[in-house]
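Heads up, the thing below is written out as structure tokens.
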Amino acid sequence: MGQATVQQSELQCQSCGGQCAFDPAQQELLCQSCGSLWPLATDDDHKAADEFPFDPDAPAAEPPFLQGDQIHQCETCGGEVVFTGAALSEHCPYCNGSVVRAVEEKAYETMALVPFRIDRDYAARCITDWINRRIAAPSDLTSLAAEGQIASIYAPFWTFDSKEVIEYWATYEEGSGKTRRRRRRTGRINIDFNDMLVPASEHVTPLIRDGILHDFKAQYLRPYRSGYLAGFAAERHHMTVQEGLQANEADKDLLIRNLIEGEIDKPNPRVERYRTDTTGIHYRRILLPVWILHYTYRGTPKKVVVSGIDGRTFGERPFSPWKLAGCSAVLTALTMAIGLLWGATGVL
Ligand SMILES: [Zn+2]
Ligand SMILES: [Zn+2]
């Protein structure tokens, strides 16, 4: 087990030496002992939304990510703090002090984050409201959820911008009955993708992204500082830009096909093939705040997730069979619509 390089002393109160944690209401570091507030804003906050160019033909050097547990001797009490896998933020199990790991590999550096804007109590209320609104939830779900643990996590994400010049070959249907036939159509579409959000962790599925984080706004980004992580769990970035772009491919494909079908605007359009010339790729490595409630229903693990930005809530839940009829189809259609709408801007 390696030795972790950490940031700990800057997470302690400058006046009493107590442990500080990030306070979502004040957006500052709050001393848990004396109540002092320590600002985290910097003169460079406006730079947090900056994006970085990426040239796929000349990819930046990204050494392989070294996964492995690291150990740190607590500077306050001498206790052992263990960072497991991709864990970025921890607390000392002995004195409860916040410890944030310093990431030495420049290639995997987090550029910016959206700090938590809602606290644990608010997240708990969101979850209760969400359950109460679900007409198909079994009536014992509320009490089950209350027994679960609500965990916080700053989850790693990419944002990607690109310019696409799309050339497509498609067919559509014309006429009806005996005169019905398929017609060919080719065409070209220009589109700019802006801030496509891509999960950079297997713990955050595209479903969670579409359920609670699809209207991500770059204006909430702040420069990465360990203070924002104090008191919250966080997962570090560990994928290369190429891997992020690959993970983005399926989403882009779905959006492009939908764009083409929309452009054809005829019955039963079918995209036979397309090719796209991608330029102007820009990216960010960011962290986004999520509350997660894990619970078990009849032996099956489930979760409800809450956006740490605005409280939007989404979850997997058991259905009560007798309430189910007609409801699940609507929910599925809704989820799909959200998935398809998200991400595309500026159709030219
Ligand atoms: Zn203090
Ligand atoms: Zn300690």
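The table below lists the values:
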{"read-out": "Nearby lysines by direct alpha-carbon distance to K302 (threshold 20 angstrom, same-chain neighbours under 8 apart not counted)", "value": "K323"}
{"read-out": "Relative contact order [Cα under 8 Å, 6+ residues apart], region 149-285, whole percent", "value": "45 percent"}
{"read-out": "Fully extended contour minus Cα-Cα distance, from E62 to D44, at 0.36 nm per residue", "value": "3.9 nm"}
{"read-out": "Spatially proximal lysines relative to K106 (Cα-Cα < 22 Å; intrachain offsets below 8 disregarded)", "value": "K47"}
{"read-out": "Theoretical FRET efficiency, 1/(1+(r/R0)^6), r = Cβ-Cβ of D253 and R185, R0 25 Å, to 0.05", "value": "0.85"}
{"read-out": "Protection proxy ranking of 211-224, 38-51 - average other beta-carbon atoms within 10 Å, highest first", "value": "211-224, 38-51"}
{"read-out": "Extreme residue, positive dipole direction of region 109-251, given options A200, A230, F116 (C-beta unit charges)", "value": "A200"}
{"read-out": "Label-point gap, in nm, between L207 and S15 - each point 7 angstrom along Cα→Cβ", "value": "4.8 nm"}
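Rule-based calculations on the coordinates, nothing more; no lab input. Keep in mind the model is a prediction, meaning the values are calculated, not measured. Backbone-built Cβ (ideal geometry, glycine too); neighbour counts: all protein chains shown.
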